[in-house]
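Okay, structure first, notes after.
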């Protein structure tokens with residue numbers, strides 16, 4: 001699977017608040033479908049559909065321990081998404097730093113201009 005396709009699956013899976021909540025719960029440890037469904041007011045089949053999306057995006061893995069099929073978080077796709085986002089975070093930080101420097105320069109010019117205007121006004125006042 002191409003990295004961009006995997007990113008698309010990851011972001012698509014993360015787009016839903018229920019799936020993000022399921023991942024948040026799984027970040028504390030493995031859980032059964034029933035345990036994952038407990039806080040939600042939706043059917044088990046609906047939760048299972050969300051879990052299938054997460055599984056297809058490789059964000060979770062389902063185990064097979066007798067009758068218990070625990071789900072657990074798989075972090076690698078999240079790391080890949082974080083690395084992709086990080087590139088853009090760095091770019092925006094650099095742009096904001098340049099904007100901040102420019103604004104500080106403008107502010108310094110403004111202070112200098114006001115100071116020069118005040119000196120000129122004072123000089124005119126003394127002449128009169």
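Which residue out of 32, 12 is surrounded by 11 or more Cβ atoms within 10 Å (Cβ to Cβ) and in contact with a strand residue (DSSP E or B) (Cβ under 8 Å, 6 or more places away or on another chain)? Give the steps one after another, and end with the answer.
On the way: 12 fails: in contact with a strand residue (DSSP E or B) (Cβ under 8 Å, 6 or more places away or on another chain).
Answer to the selection: 32.
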**Study point:** Residue tally, condition surrounded by 12 or more Cβ atoms within 10 Å (Cβ to Cβ) and either in a strand (DSSP E or B) or at positive phi (or both), over segment 58-67
**Key:** 4
Point to revise | Options 72, 35: the member that is touching a helix residue (DSSP H, G or I) at 6+ places or on another chain (Cβ under 9 Å) and outside any helix (DSSP H, G or I) | key: 72
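Which ones in segment 15-29 are closer than 20 Å to residue 67 by Cα and loosely packed, with under 13 Cβ neighbours inside 10 Å? Outline the logic, then answer.
Of segment 15-29, the ones closer than 20 Å to residue 67 by Cα are 26, 29.
The answer is 29, and nothing else.
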Practice item. Look at residue 81 and say whether it is buried (at least 16 other Cβ atoms within 10 Å of the Cβ) and either more than 18 Å from the chain's Cα centre (by Cα) or in a helix (DSSP H, G or I) (or both). Key: yes
**Study point:** Residue match in segment 40-57 (condition: exposed (fewer than 12 other Cβ atoms within 10 Å of the Cβ), within 23 Å of the chain's Cα centre (by Cα), without any contact (Cβ under 8 Å) to a residue 60 or more places away in the chain and more than 16 Å from residue 77 (Cβ to Cβ))
**Key:** no
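Only the coordinates and a few stated rules stand behind these numbers; no lab work does. It should be emphasised that the depicted structure is a prediction, and the values quoted were computed from it without experimental measurement. Positions of Cβ are generated from backbone atoms using ideal geometry, with glycine treated the same way; all protein chains shown enter the neighbour counts.
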